[in-house]
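One structure below.
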Amino acid sequence: MNIISIHKPYLYSIKFEGEESDEFNRILDELTDVSAVYEFLENNKEMFNGYFSKFFANMMEAAEQIADETVEVEEYLEVLKQNTEIGKEPDYDNFFQFLDGVYKCDVKYIPMKAYGVNYKPSLIRLYAIKVQSNTYIIVDGGIKLGRKIQDSPGLKDTVLRKINKVKDFLRKNGIIDAEDLE
């Protein structure tokens, strides 16, 4: 497992052993591929139709929104980097929110989530570990169709497992702040 710099010294991404790409770039690649996103939505049609279909004319419109929103998130993260550098808000701490559930009492290596920007509802999520103020490591992400991670195909089998794996890695390697990530 390696930690890859995205917007040093604020945003990083985990690269799991045996994977071709780090998680941040994997997410970007997967969610900007409109045909793959459409196929995912089609394979999970019942969940999509259960709540989200009322917001879109059709599944292709949703797939295109997800791709557009992913590009906008990537651009927004650059704006957040610039804001963080000059001490202006919004910064990364404004973008990421606490991930409740099993992690609601964590005070170190805090699991966080972020939604896409400019769209209601946002179907995309980024999951990260907060190392310190304005310092995050992206550990997973994707399309969220359920109310909870455990109800979301594509996320339910990966998010919590990856968060726990990265938290263990950080602990074992004595990574406690941004200086340790360099």
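The values are calculated or read from the model by the stated rules, or taken from the named source; none is laboratory data. All figures in this text were calculated on a predicted structure; none of them were measured in a lab. Glycine gets a Cβ as well: all are built from the backbone with ideal geometry, and neighbour counts include every protein chain shown. The area values use the complete protein model at the heavy-atom level, side chains included, leaving out ligands, DNA and RNA. Shrake-Rupley method; radii C 1.70, N 1.55, O 1.52, S 1.80 Å.
Output needed for region 37-143: three equivalent-ellipsoid semi-axes, defined as square roots of 5 times the C-alpha gyration tensor eigenvalues, in descending order, whole Å.
28, 17, 10
Quote the accessible area belonging to Arg161 in square angstrom, nearest 10, computed with a 1.4 Å probe and with ligands, DNA and RNA left uncounted.
The accessible area of Arg161 comes to roughly 130 Å².
Can you give me the angle between helix 159-172 and the longest principal axis of the chain, using Cα atoms only, in degrees from 0 to 90, rounded to the nearest 10?
The two axes meet at around 10 degrees.
Relative to 2.2 N^0.38 Å, what does the C-alpha radius of gyration of the chain come to as a ratio? Two decimals please.
Its radius of gyration relative to the 2.2 N^0.38 Å reference: 1.01.
Rank these residues by their accessible area, most exposed first, probe 1.4 Å: Leu160, Leu155.
The most accessible residue leads, giving Leu160, Leu155.
How big is D for region 5-87, in µm² s⁻¹ as a whole number, if Stokes-Einstein is applied with the Kirkwood radius of its Cα pairs at 20 °C and 1.002 mPa s?
147 µm²/s
Please enumerate, by chain and number, the lysines with C-alpha under 25 Å from the C-alpha of Lys156, excluding those fewer than 8 residues away in the same chain.
Cα-Cα hits under 25 Å: Lys15, Lys45, Lys54, Lys104, Lys108, Lys113, Lys120, Lys130, Lys144, Lys148, Lys165, Lys167.
Along the charge dipole of region 1-155, pointing to its positive end and built from +1/-1 on Cβ of Lys, Arg, Asp and Glu, which listed residue (Val34, Phe96, Ile143) has its Cα farthest out?
Farthest towards the positive pole: Phe96.
Identify, among Ile86, Leu123, Met47, the residue whose Cα sits farthest towards the positive end of the charge dipole of the chain, taking +1 on the Cβ of Lys and Arg and -1 on the Cβ of Asp and Glu, with the dipole about the Cα centre.
Met47
Run the dipole for the chain about the Cα centre, Lys and Arg Cβ at +1, Asp and Glu Cβ at -1, nothing else charged, and hand back the magnitude in debye, nearest 20.
Result for the chain is approximately 920 debye, rounded to the nearest 20.
For region 95-135 and region 9-49, write down the distance between their C-alpha centroids in whole Å.
Region 95-135 and region 9-49 have Cα centres separated by 17 Å.
Leaving ligands, DNA and RNA out of it, rank Ser53, Ser133 by accessible area with a 1.4 Å probe, largest first.
Ser133, Ser53
Along its three principal axes, how long is region 54-103 when you only count alpha carbons? Whole Å, largest extent first please.
Principal extents (largest minus smallest coordinate, Cα): 41, 31, 13 Å.
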